[in-house]
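*Asks:* Got a structure here, written out as structure tokens. Questions coming.
Here, each number is a calculation from the coordinates, and none is a lab measurement. Note that the coordinates shown come from a computational prediction; the quantities given were computed from them, not determined experimentally. Because the Cβ atoms are built from the backbone with ideal geometry, glycine has one as well, and the counts that use them run over all protein chains shown.
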Amino acid sequence: TLAKALLAEATRYSFNMISVDGDTSTNDAVFLMANGMSGVSVHESADILKFKQALIEISQVLAQSIARDGEGATKLVEVSLRGASEEELARKAVRGLTLSPLVKSAIHGEDPNWGRVVARLGAEDIPVSCFEKMNISIQGTPVYQDGLALDFDRIGLRTLLKSENVKIEIDLKDGEFQATGWGCDLSSKYVHINAEYST
């Protein structure tokens, strides 16, 4: 059905691009309820497009809320990557960064450690040639450009990282594909929460 297809696409760009710790619970699920009681029908191409865009937007807001509310989380982390040669490579790299305990810990510690970002990109099979030309920004501050580390105001960037919203932007300069994903920081509270109860 149309609703099922639209939900699958919305989920691809929202709920399937978030991570708290990388594990999946047995109750993780997404539902789109459409019982027809409103009497509204969507058939025209323009209306379908508007509905799809709205569904993606709402799904992303809800997905971000899940990441923001992660166990022990203090920060919502958004990773945007562009310039990839393939969409799946972009998605994989973004997911890898939102999953990385080292990246998540650095963000919690308000440490602008771009080296952890670069290392994780390597682990996600980003082509070696990209490391010689890519750009990386953290909280809008360029930290790595054209494959070289930049001098930046480390104290100033640490201050920016105190925000509840952290953004990492990457340009691989290797293609036209992009992806965005969301995660959270990794705090000691996460360990306490998950160590203190038994199921």
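*Asks:* Measuring from a point 7 Å past the Cα of LYS173 along Cα-to-C-beta, which residues in region 78-111 have an amide N at less than 15 Å?
*Replies:* Taking a point 7 Å out along Cα→Cβ of LYS173, the residues of region 78-111 whose backbone N falls under 15 Å are 82-85.
*Asks:* Can you work out ³J(HN,Hα) from phi for every residue in region 157-162, in order, using Karplus 6.51 cos²θ - 1.76 cosθ + 1.60 and θ = phi - 60°, giving whole Hz and x for Gly and Pro?
*Replies:* So the J values, rounded to whole Hz, are 5, 4, 5, 5, 6, 6.
*Asks:* In addition: With label points built 7 Å along Cα→Cβ from the Cα atoms of THR74 and VAL128, find their separation and express it in nm.
*Replies:* A separation of 4.0 nm, rounded to one decimal place.
*Asks:* Using only the C-alpha atoms of region 104-149, find the volume of their convex hull and express it per residue in Å³.
*Replies:* Taking the convex hull of the Cα positions in region 104-149, it is 65 Å³ per residue.
*Asks:* Tell me the Kirkwood radius of region 1-75: reciprocal of the mean inverse pair distance over distinct alpha-carbon atoms, in Å.
*Replies:* 13.9 Å
*Asks:* To continue, here is another question. Of the chain, which part is the longest with no GluC sites (Glu not before Pro) in a loop (DSSP not H, G, I, E, B) and with at most 12 other C-beta atoms within 10 angstrom?
*Replies:* The answer is 87-163.
*Asks:* Hey, another quick one. May I ask you to evaluate 6.51 cos²θ - 1.76 cosθ + 1.60, the Karplus curve with θ = phi - 60°, for each residue of region 139-151 and list the ³J(HN,Hα) values in order in whole Hz, giving x for glycine and proline?
*Replies:* Whole-Hz 3J(HN,Hα) from phi for region 139-151: 6, x, 9, x, 10, 8, 9, 6, x, 10, 5, 9, 6.
*Asks:* Give the Rg (one decimal place) followed by the Dmax (whole number) of the chain, computed from C-alpha coordinates and expressed in Å.
*Replies:* My reading of the Cα-based Rg and Dmax gives 18.6, 59 Å.
*Asks:* Pop out the ³J(HN,Hα) list for region 95-105 in order, Karplus 6.51 cos²θ - 1.76 cosθ + 1.60 with θ = phi - 60°, rounded to Hz; leave Gly and Pro as x.
*Replies:* Coupling constants for region 95-105: 4, x, 5, 6, 8, 4, x, 5, 5, 5, 5 Hz.
*Asks:* For the charge dipole of the chain, defined by +1 on Lys and Arg C-beta atoms and -1 on Asp and Glu C-beta atoms about the Cα centroid, which residue among LEU2, ALA123, MET37 has the Cα displaced farthest towards the positive pole?
*Replies:* MET37
*Asks:* Here is a follow-up. Using the Cα centre of region 32-121 as origin and beta-carbon charges of +1 (Lys, Arg) and -1 (Asp, Glu), tell me which of GLN64, LEU99, ASN113 is placed farthest towards the positive end of the dipole.
*Replies:* Projecting each Cα onto the dipole axis, the largest value belongs to ASN113.
*Asks:* Report the label-to-label distance for VAL42 and ASN27 in nanometres (one decimal), using points 7 Å from each Cα along the Cα→Cβ vector.
*Replies:* Output for this residue pair reads 2.8 nm.
*Asks:* Quick one: Debye curve from the C-alpha atoms of region 136-198, no solvent, what's log10 I(q)/I(0) at q = 0.16, 0.26 Å⁻¹?
*Replies:* Evaluating at q = 0.16, 0.26 Å⁻¹ gives log10 I(q)/I(0) of -0.72, -1.15.
*Asks:* Antiparallel as a % of all DSSP beta bridges within the chain, to the nearest 5?
*Replies:* 65 percent
*Asks:* Further question: If you put +1 on each Lys and Arg Cβ and -1 on each Asp and Glu Cβ, how big is the dipole of the chain around its Cα centre, in Debye rounded to 20?
*Replies:* 220 debye
*Asks:* Right, something else. Are any of the pairs LYS92/LYS162; LYS4/LYS50; LYS167/LYS189; LYS162/LYS189; LYS92/LYS133; LYS104/LYS162 more than 25 Å apart by Cα-Cα distance, and if so, which?
*Replies:* Cα-Cα > 25 Å for LYS92/LYS162; rest within.
*Asks:* Right, another one. Please find the FRET efficiency linking THR1 to LEU62, where r is the Cβ-Cβ separation and R0 is fixed at 22 Å, and quote it to the nearest 0.05.
*Replies:* Taking R0 as 22 Å, the efficiency between THR1 and LEU62 is 0.55.
*Asks:* May I pose another question? Tell me which of ASN16, ASN135, TYR197 sits at the most positive position along the dipole axis of the chain, charges placed on C-beta atoms (Lys, Arg +1; Asp, Glu -1).
*Replies:* It is TYR197, whose Cα lies furthest towards the positive end.
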